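Encoded as structure tokens, the structure appears first; notes follow it.
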Amino acid sequence: MLKDGQKGVILQRDKKTYGIAPHLPCGLVTPEILEKIANVARKYNIPILKITSAARIALLGIEEENVDAIWDELEFDKGYAVGLCVRSVKVCPGIEHCRLAKQDSIKMGKKIDELYHGMTLPSKMKMAVSGCKIQCGENCIKDLSLYGTKNGWNLLVGGMGGLKPRLAEVLFEDLSWEDALDRVARTVAYYKTNSRRYRLGFMIDDMGIEAFRKGVLSASLNPIE
């Protein structure tokens, strides 16, 4: 029996079959990607395809003996749906498509995904990028996120759902593209270095948002791992 995360699988309720969630950066797909998923699902009689809250397409009910072949035929990177890491970066349509957007959330989201998806951390982390303050990326319940303003980007931290929901707080406002990436990097570095094995929001609750902000600004930047 495969363990959760091994070969990118999640054991299902029946304790016999598995789910996989290919990585689809920013939830963007093409007709070719959809056709490939559909063809694999038909070939291996996968009973359920589910669009997830992380904007992935999960394939559920896979027999263990088919896991390797399915990944080989899909030719996609594995999504980090479980584990102590950056699991997802949820992104709204952004300025190219939405009349309300103030910044290019897809461009920023792709960069954040490239830098952080799958990075090992003290606890799980979910990220988001939205083009405006309406936050269709659900920034308010993400551990770390950016949303666009007319002056740049606001950085939010500490949001989460679950048994003890917590709304995210504004850490920095009106950041340029470069400063937004810098503050995200410093926030991740500070959390990675100083946190116990708990979510970012609980760390902020323990130390206070002002102390956390000072810690982030003083954080040393190590190469992205």
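The values are calculated or read from the model by the stated rules, or taken from the named source; none is laboratory data. If you're wondering where the values come from, they're calculated on a predicted model, not measured in any experiment. We place every Cβ from the backbone using ideal geometry, glycine too, and count neighbours over all the protein chains shown.
Assorted remarks:
- Residues (outside any loop (DSSP other than H, G, I, E, B) and touching a helix residue (DSSP H, G or I) at 6+ places or on another chain (Cβ under 7 Å)) located in the range 153-170: 153, 155, 156, 157, 160, 166, 169
- Selection over the range 136-175 of residues that are under 23 Å from residue 214 (Cα atoms), among the basic types (Lys, Arg) and surrounded by fewer than 22 Cβ atoms within 10 Å (Cβ to Cβ) gives a count of 1.
- Of the strands (runs of 3 or more DSSP E) lying entirely inside the range 1-87, those carrying at least 3 residues that are surrounded by 14 or more Cβ atoms within 10 Å (Cβ to Cβ) are 9-11, 18-20, 57-62.
Per-residue answers, yes or no, for (1) touching a strand residue (DSSP E or B) at 6+ places or on another chain (Cβ under 6 Å); (2) within 16 Å of residue 117 (Cβ to Cβ):
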residue	(1), (2)
2	yes, no
5	no, yes
24	no, yes
60	yes, no
64	no, no
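- Among the residues of the range 95-110, those identified as surrounded by 18 or more Cβ atoms within 10 Å (Cβ to Cβ), more than 17 Å from the chain's Cα centre (by Cα) and not β-branched (Val, Ile, Thr) are 101, 102, 103.
- Among the criteria (1) touching a strand residue (DSSP E or B) at 6+ places or on another chain (Cβ under 9 Å); (2) farther than 20 Å from residue 128 by Cβ; (3) modelled with pLDDT of 95 or more, the one residue 206 does not fulfil is (1).
- Condition met for residue 190 (closer than 18 Å to residue 125 by Cα, within 21 Å of the chain's Cα centre (by Cα), outside any helix (DSSP H, G or I) and of a type outside the set (Gly, Ala, Ser)): no
- Lone unmet requirement of (1) over 21 Å from the mean Cα position of the chain (by Cα); (2) over 27 Å from residue 99 (Cα atoms) for residue 173: (2)
- Inclusion of residue 113 among residues that are surrounded by fewer than 16 Cβ atoms within 10 Å (Cβ to Cβ) and either among the aliphatic types (A, V, I, L, M) or part of a helix (DSSP H, G or I) (or both) is not warranted.
- Comparison of 102, 126 shows that the only residue that is within 19 Å of residue 178 (Cα to Cα) and either part of a helix (DSSP H, G or I) or modelled with pLDDT of 95 or more (or both) is 102.
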